[in-house]
Structures are given as structure tokens and as C-alpha cells.
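The values are calculated or read from the model by the stated rules, or taken from the named source; none is laboratory data. None of the values given here were measured: they were computed from a predicted structure. We place every Cβ from the backbone using ideal geometry, glycine too, and count neighbours over all the protein chains shown. Ligands, DNA and RNA are stripped out before the accessible areas are found, and what is left, the full protein with its side chains, is counted by its heavy atoms. Shrake-Rupley method; radii C 1.70, N 1.55, O 1.52, S 1.80 Å.
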Amino acid sequence: MIRTVSLCIFVLFFCCDILYSKELVTEDAYTVIDVSDGGSITGHVTCTGDAGAPSLDMYAGWELSKPSQVVSEKIVINRLNNGVRNAVVSLSNIEKGKKGVVPSVHPVIDQQMGIFLPRVTAILAGTTIDLLNGDEELHNVHTKSVRNQPFNFGMSYKQRISKDFDYPETVKLSCDIHKEYAWIVVFSNPYFDVTDRSGYFEICDIPEGTYELRVWHEELGKQEKEVIIQARKRENIAFVYE
Amino acid sequence: MKPKGLFYKAGFLSAAVFSCAVLSVGMRPTTASAIEIPKEVTEEGKNVYKKYCSACHGEEGAGDGPVSRSMIPKPRNFTRGAYKFRTTPSGSLPTDEDIYKTISYGVPNSTMIPWDILTEEQRASVVPVLKSFSEAFEFREPDAPVAIGLPLRPTERTILEGKKIYEEKLECWKCHGVEGRGDGPSAGEQEDDFGFPIKPFDFTTGKFKGGNSPSDVYLRFTTGLNGTPMPSFAKELSDEERWYLTHYVMSLVQSEECSKE
């Protein structure tokens, strides 16, 4: 009997210690509900500027041989419909909605010929990202975040590093050796999308209500629009950068 | 009840309490054995910070004090929780002892002097003030310090192996230069997390910023320097390889007579 009591005391203290050492940080208010007849938003992000001459972020490339030098593009604009690629569209003030699924297959950001591929990755908080180096030379991966733990690792050829991103934040990922960078945008809810090469985005299963739809692009900046979502209806929204 | 039985039971209870106490102590973040670093911001800490630190590091710890304008490297901006000299892994927050150590020993080759003119209590009281400037300490806990292990003895072979890593495997010369003078081809364009230009370290000066012992230099390769382009090579190099590199970069140090010539 005394042994049991001793054991209980021991276990109790042990649990207290674990709780003490790892405080659980509560996430900002997003409640998961069952969305059976939600509405959806589709649309395009376009730029009416001079689509023929996108501004280029020239890669220094002092070390690579000529044919393997690449230019990474800060702004990629489709010549057919002026669609802007790599803009992040999200619902900024949604408080309840569908359950977000953290992908079991980790999204990959690869470094090929000195640039990050893809340039913009949007993920749900809690997702693990795999960072790769596909070049036969040393790169580094350096993030400058406050909430998510920043890191800075050297990466040799074919090396793979997995990193968790647990808090909503926009994180800049850079290679200091080659002055290249990419963006990781972390959200607390699953209502976001990154535009494809024609500037198209879609967000589905949104509960009825009025929301702020936000678009962010690294060069073109932010825009917001109010949208009213009705059950089983599709809203078409167009964002235009001047 | 037999007196002997009572004795045993008391024994069990005291053993349980004792092991709990040992565990409790063991699982807390380790603190300096010699000096108690306060957990909360104290009046004394605020006063010491205002009097001795804020002229460079700014009232709010943003590294923008009135004297900072003329300084290179710039005083540390504490608002992001990025501390260069740590015993914790890359990106992690520093332990209280790491901050205390930097305050006490200063940073050579910069305007940060060793603050040994202050008492130990005064130095310790500043630590929670610095931490209070960044929200990072509310979201994250510092990771456990990395294990240093047994240092290798420097020999000609270890220095040669280190040279191979420096020149071929990691290509450290791209920033730090072939002779370790901090004049590599990428050196000119480096900047820190706050957008200020930063010079790769010149090994020939011999004044290593995080401390001059081999284990200090080894720690820089293992933990990296947060807030700067210098990455951690903990995943890239084995334990031994990091010692090789330590021995090599320490062999680049030139004595003052040599550098005068």
C-alpha cells in the first residue's frame, strides 16, 4: 500500500515536471465546424502594368558556368491574360470553418541552379517542409522568423533537412551565399491558395458569411476585398494590381 | 506494527520524495551554479540597462541608441531574439547563461566591452530585461545546449583535414577568403537579419568574437551565429570534422609581430 502511494507521488511529480517544462501555447481563435454546404471563391490576380517586361531579380552566378546561369523572377506575369503567379490569397478574418489537414507528404523546397523552387509556399501551421539542395555546391538555408524557430544550416549536394512551422507567420527563406530567397507563408486556417501561372486561385468549403479576402505578393504588395459567401454558391473575385 | 516495518515504509516514502526532488532539479533549465540569474524583470535590472546599455542598444532594445549611428558592427537589436553567441542549436534562443557570458566577456573586434566593471548581480539583473524586449521568448523555449564532448588534440593531420573542409567541402573561402582574412568573393555583399552590412570574420586577427578557446570556436560551427549569414554545420559535418575545422581556422591566426610586417 505504501509502495503504491510512493509510486503515485512519484508519477504526480513527474507529470507536473513535464507540464512545467513544456507549456502548451494556445493558438489564436479558429474553431473547427462541420461545413456541409459551404460556398467557394475563385478568381484571378492580374497586373495591368507592362506585362511584357517583368522586373528581374538577376542571379549573381559568378561561379556557375554560363549556360547554367538562371534568372529568378520576382514577378511572373502571364502574357496571355496578365495573370500574376505566386500571389498568396487568403481569408484574413475567418473564425470558424473546415478542419485543416496537415499533409503527410511534406512539401518540398528545392534549390536548383541557385534558385529556390517553388518561390512561394503557403502551408497550414504544423506542416513540415523538406528543404533540399539539388546543386553540386554548397548553399545555406536561412530563415528570419520570430514565432517559428529560425534556423541557418549549411546544405551540401543532395542534403535534405525537415523543418516544422507551427505558428502563422510570413517567413523569408534565403541563401546568403548566392543572395537568393523564397517565401513560406504559414496560416492558422486552411482557407488560402497560391496563384498558378495564369493567376488563378480557388478557395472552397467556406461557411456562409462576410469575409475579408486578402492577396499578398512580395513585389506588388497587399490588397483586400470584402466578399459575401452564400451556401453552395461560387463567388468570382478579380484582384487587379495597377 | 513492527518497528522494522515502519522503518521500511518511511524508507520507501523518503526514497520517492528524494527521487522526485532530483528529477525536478534535473528537468529545470540549468542555471549558473555560481550566480543566480533572476527570472523576472527587476527595478535594478531596468536601471542598469538604462544607465549602461541603452546608449547603444536603445531604450526599447531595438539597437538604435543615440551612439549606435556611428558604430559598425551595429549594436544588437534584441527585438527578434536573435543572439549570436550561444551554446544552443541553430535558431534557438540562448540560455540565460549565454547572455550573461556575452555581457561579462564582451565581444572582441566590436564596441561591446567586457562589463566586468559591474557586479555579478548587476550583470545578471540585465538578462531578463534583454529577454523582455522580444516576443520570441513568449513563444519559444531555448533548446538544450549542444554537447561538446571530448576535444581532439590538434596535430598536423587534423589541421590538414580541416584545410580540405575549408577549401573543398564547405568552401568557407567564398566568404572568409583563401587566407582567412574575411575577403572572399561573396564577402562584400553579406548583410545580417536587420539589413546592415556585415563582414565575414578575419581569422588572422585571432580575436574570436565568441571566445578564444577551441571549444568556443567549435561551438560557432555547431550552433551558427543567429541573425547573421553564418550557418550551423551541425548537420553537415561530423563531430570530428568540426574539430578539424576548428584546428585549421585557429592555425590561420597570425601573431602580432607577423601582422605588423
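Worth pointing out:
- Filter on A:Lys74/A:Lys179; B:Lys51/B:Lys84; B:Lys84/B:Lys169 - keep pairs with C-alpha separation over 19 Å: B:Lys51/B:Lys84; B:Lys84/B:Lys169
- Here is the P(r) of region A:129-242: all C-alpha pair distances, binned every 5 Å from 0, give 2, 9, 17, 18, 15, 14, 11, 7, 5, 2, 0 in whole percents.
- The residue list A:Ile206, A:Ser90, A:Leu131 was ranked by how far each Cα lies along the charge dipole of region A:89-242 toward its positive end, using unit charges on Cβ atoms, and A:Ile206 comes out on top.
- The aspartates and glutamates whose alpha-carbon is closer than 19 Å to the alpha-carbon of A:Lys98, local same-chain residues fewer than 8 away aside, are A:Glu27, A:Asp28, A:Asp34, A:Asp37, A:Asp166, A:Asp193, A:Glu202, A:Asp205, A:Glu208, A:Glu212, A:Glu235.
- Where labels lie 7 Å past Cα in the beta-carbon direction, separation of A:Ser162 and B:Glu60 in nm: 4.0
- Considering all C-alpha pairs of region B:74-131, those separated by over 13 Å amount to 61%.
- The A and B chains share an interface that buries close to 3600 Å² of accessible area, total over both sides, probe 1.4 Å.
- As a ratio to 2.2 N^0.38 Å, the alpha-carbon radius of gyration for region B:155-261 is 1.03.
- Among the residues of B:187-195, the average count of other protein chain beta-carbon atoms within 10 Å of the residue beta-carbon is 2.
- Cleavage-rule hits, GluC sites (Glu not before Pro), region A:90-189, DSSP coil, Cβ neighbours within 10 Å at most 14: A:Glu95, A:Glu136
- Computed extension gain for A:Ser104 through A:Glu226, at 0.36 nm per residue and net of the alpha carbon distance, reaches 40.6 nm.
- At R0 = 51 Å, FRET efficiency that the Cβ-Cβ distance of B:Ile72 and A:Arg79 yields, to 0.05: 0.65
- Whole-angstrom gap from region B:114-168 to region B:66-100, using each part's C-alpha centre: 11
- Using a Förster distance of 56 Å, the FRET efficiency for A:Asn93-B:Ser255 (Cβ separation, nearest 0.05): 0.30
- Cα gyration tensor, region B:31-149 - rounded (a/c under 1.5), prolate or oblate: rounded
- For region B:187-222, no residue has its backbone nitrogen under 13 Å from a point 7 Å from the Cα of B:Arg157, taken along Cα to Cβ.
- Partner shielding of B:223-236 amounts to 5, given as the average count of beta-carbon atoms from other chains within 10 Å of each residue beta-carbon.
- Number of partner chain Cβ atoms within 10 Å, mean per residue of A:176-189: 2
- GluC sites (Glu not before Pro) within region B:61-151, DSSP loop, no more than 15 other Cβ atoms inside 10 Å: B:Glu135
- Compactness ratio for region A:94-174: Cα radius of gyration over 2.2 N^0.38 Å (N = residue count) comes to 1.16.
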